[in-house]
Amino acid sequence: MTKHLTALFGAIELGGTKINLAVGAGPDRIAARTQVPTRGPDETLAAVAAFFLQETRLRGPLAALGVGAFGPIILNPDDSEYGRLCPSPKPGWGGYDLLAALRRMMDCPVALATDVAAAGVGEAHCGALSGLDCGVYLTIGTGIGAAIIVRGAPLPALLHSEFGHLPLRRLPRDVTAGLCPFHGDCAEGLVAGPAIAARFGKPLNAFAADGPEMALVAEYVGQLCAAIVLAVSPKRIVLGGGVAKAHGLHAAATAAALRALNGYAIHGIGEGYIAPPALGDDAGVIGGLVLAMRRWKEQS
Ligand code: ADP
Ligand code: ZN
């Protein structure tokens, strides 16, 4: 039987502060979208359900749903706890069975990834990672997340990669305490948005691109990217998130990564290696729609 050509897909990008929702016939055919704030799980899921109810009444049922969720979340389908969030400082979300809640809400197959992996899938589909068989999507916002994208899909894993919590070497001129409740001086503790605000009193875009604040942040981001190069050797690192919107960070971090590598394993690394996302803030929902479409095709 031939599949209906105008199947409708849904996407949820579940972030720490906001949730992006979309429906469409495909990643390049978004028909409707909205954003709701992230609150506790029940209130948040009720707002998500209201959007999809309204859209499916208008446009027909969803063929599949693609979800990018903050983590840590168990994403190994062979794990009996598949789809459950791990302990988390976000009120109400630690241990929450997200997949079960979505399945109660939506009568369609659900494809699940981290929010960062969904954005990476979007960038691989039609953005800054397209045409590359191995790339990393790194986001620096309220936290730091990363995903390894191989041939357009997140690399399967026990849990998922967490480069944001790699330890970094503290710079002697930096005396502000690292903020990660688990590790102190990991990348997230030293250089995610809240750490930058605690250190400088303002977000990074308040400072000059050639100033000492950018130099310090770039040094840490460069260390992190150098570690990613050594561990994964991706063909490109896409650096997104609120902090990466500060002008000059991509170039300064590329230079800092090369300094950190000190001439070792730097083949192919130069201008543009650490690149901004081509899809901007849409990468997550576009990736969600790609994941939904793939899940639907798998099941057909
Ligand atoms: P979230 O991580 O919550 O999904 P963002 O990626 O927007 O959201 O990250 C929010 C963090 O990024 C905040 O700490 C904020 O200070 C910082 N931020 C947001 N926009 C900018 C910007 N244009 N330049 C620098 N920092 C920014
Ligand atoms: Zn940490």
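The values are calculated or read from the model by the stated rules, or taken from the named source; none is laboratory data. For clarity, every value in this text was computed on a predicted model and none was experimentally measured. With ideal geometry, Cβ positions are generated from the backbone for all residues, glycine too; neighbour counts draw on all protein chains shown. Ligands, DNA and RNA are stripped out before the accessible areas are found, and what is left, the full protein with its side chains, is counted by its heavy atoms. Shrake-Rupley method; radii C 1.70, N 1.55, O 1.52, S 1.80 Å.
For the reader, a short list of remarks on this structure follows.
- Under Karplus coefficients 6.51, -1.76 and 1.60, residue-wise ³J(HN,Hα) of segment 267-276 in Hz, glycine/proline x: 3, x, 9, x, 3, x, 5, 9, 10, x
- Shown is the FRET efficiency for E81 and C134, computed with R0 = 25 Å from the Cβ-Cβ distance and rounded to the nearest 0.05: 0.30.
- Measuring how big segment 148-226 is from its alpha-carbon positions, Rg and Dmax come out at 14.2, 41 Å.
- Close amide-amide hydrogen proximity is noted between G15 and N20, each under 5 Å apart and 5 or more residues distant or on a separate chain (H modeled in the peptide plane; Pro and chain starts excluded).
- Around the amide H of V67, modelled in the peptide plane, lie the amide H atoms of I12, A111, L112, A113, all under 5 Å away and 5 or more residues distant in sequence or on another chain.
- Rolling a 1.4 angstrom probe over segment 1-116 with all protein chains present gives an accessible area of which 52% lies on carbon and sulfur atoms.
- Ranking S300, S130 from most to least accessible surface, computed with a 1.4 Å probe over the protein chains only, gives S300, S130.
- Working from Cα pairs under 8 Å separated by at least six residues, relative contact order for the chain is 21 percent.
- Accessible area of segment 147-300 belonging to carbon and sulfur atoms, whole % at 1.4 Å probe: 58 percent
- Net charge over other residues, Cβ less than 13 angstrom from the Cβ of D133 (K, R count +1; D, E count -1): +3
- K202/V150 FRET efficiency (R0 35 Å; Cβ-Cβ; nearest 0.05): 0.40
- Mean residue ellipticity, 222 nm, helices only, the chain: the sum of -39500 (n - 2.57) across DSSP H runs of n ≥ 4, divided by residue count and rounded to 500, is -11000 deg cm²/dmol.
- For segment 153-170, putting each phi into the Karplus relation 6.51 cos²θ - 1.76 cosθ + 1.60 with θ = phi - 60° gives couplings of 10, x, 5, x, 7, 5, 10, 5, 5, 9, 4, x, 9, 5, x, 10, 7, 5 Hz, in residue order, rounded to whole numbers and with x for Gly and Pro.
- Residue among T38, T254, T139 with the largest mean-square fluctuation in a Gaussian network model of the chain, springs linking Cα atoms under 10 Å: T38
- Solvent-accessible heavy-atom area per residue, rounded to whole Å², over segment 96-139 at 1.4 Å: 32 Å²
- Across E43, E188, E219, mean-square fluctuation computed from a Gaussian network of the chain (C-alpha pairs under 10 Å connected) peaks at E43.
- Amide H within-cut-off set for C134, under 5 Å, with H built and near neighbours excluded: R151, K235
- Charge tally in the Cβ shell below 14 Å around L98, where Lys, Arg are +1 and Asp, Glu are -1, L98 excluded: -2
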